[in-house]
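The values are calculated or read from the model by the stated rules, or taken from the named source; none is laboratory data. Predicted, not measured: the structure shown is a model, and the values here were computed from it. Here Cβ is always computed from backbone atoms with ideal geometry, including for glycine, and neighbour counts include all displayed protein chains. Side chains included, ligands, DNA and RNA excluded: accessible areas come from the protein's heavy atoms. Shrake-Rupley method; radii C 1.70, N 1.55, O 1.52, S 1.80 Å.
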Amino acid sequence: MAKESAEEKLLKMMQKSSPSVAAKPPASAPPKKKFKFTFSIGALNTLLFLGIVACLVALALEMHSGITLLHQEVAFPFESKTDVSLSDIALPSAQSADYYLQKINERNIFKPYVPKVAKKAAAQGLAVLMSKYKLVGVAWLDLPETASIMIENTQNNKTFFLKQGEQLEGVTVKTIYTDRAVFSHENEETTIKL
């Protein structure tokens with residue numbers, strides 16, 4: 001006979017130690033049935049279909065109530081609380097078109113807003129008023145008419161870019177040279193150098 005392998009020996013040992021399969025365990029109380037909740041895809045589709053139908057019915061009812069509200073006449077109660085009529089109310093009158101065009105042309109949106117203070121310049125003297133400004137730079141393209149200056153207020157560190165003819169606190173830039181700028185107001189002139 002052939003020699004018995006290790007697996008066969010192990011199998012025989014296990015069969016000897018375990019009770020026979022044919023032996024039945026002692027009778028006990030019947031097992032309690034647990035409730036299992038099963039849900040199939042068909043049932044899910046049915047629920048979804050019923051949900052869609054319910055939403056469509058709700059939409060139709062909302063549309064019907066909205067349409068009935070559209071056809072109703074709306075009456076606002078109008079009670080005059082004052083004895084003033086509309087003709088007695090003073091409405092603001094519009095200015096001429098020239099007035100508005102002048103305001104638009106006065107304001108350059110690419111420069112910081114500086115309120116006009118011509119009266120202040122006349123009272124203080126031009127040299128005193130311009131003493132707080134320092135000429136920082138002069139720039140021009142190929143023509144002298146394109147020259148512009150960069151002037152800085154030394155008190156609040158604000159910088160202004162001005163061309164010939166533009167104003168700063170009511171003072172006009174009269175002439176721009178390569179190293180200085182001449183400012184004028186009424187009959188006074190002053191020069192600020194680089």
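Here are the numbers:
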{"read-out": "Subset of segment 141-178 (residues that are touching a Lys or Arg at 6+ places or on another chain (Cβ under 6 Å) and in contact (Cβ under 8 Å) with a residue 24 or more places away in the chain)", "value": "148, 170"}
{"read-out": "Residue tally, condition open to solvent by less than 80 Å² (accessible area, probe 1.4 Å) and part of a loop (DSSP other than H, G, I, E, B), over segment 166-185", "value": "4"}
{"read-out": "Checking residue 188 against (1) open to solvent by less than 50 Å² (accessible area, probe 1.4 Å); (2) more than 42 Å from the chain's Cα centre (by Cα); (3) at pLDDT 85 or above, the condition it does not meet", "value": "(1)"}
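Table: residues versus (1) at pLDDT 90 or above; (2) open to solvent by 60 Å² or more (accessible area, probe 1.4 Å).
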residue: 93; (1), (2): no, yes
residue: 101; (1), (2): no, yes
residue: 104; (1), (2): no, yes
residue: 110; (1), (2): no, yes
residue: 120; (1), (2): no, yes
residue: 124; (1), (2): no, yes
residue: 127; (1), (2): no, yes
residue: 146; (1), (2): no, no
residue: 164; (1), (2): yes, yes
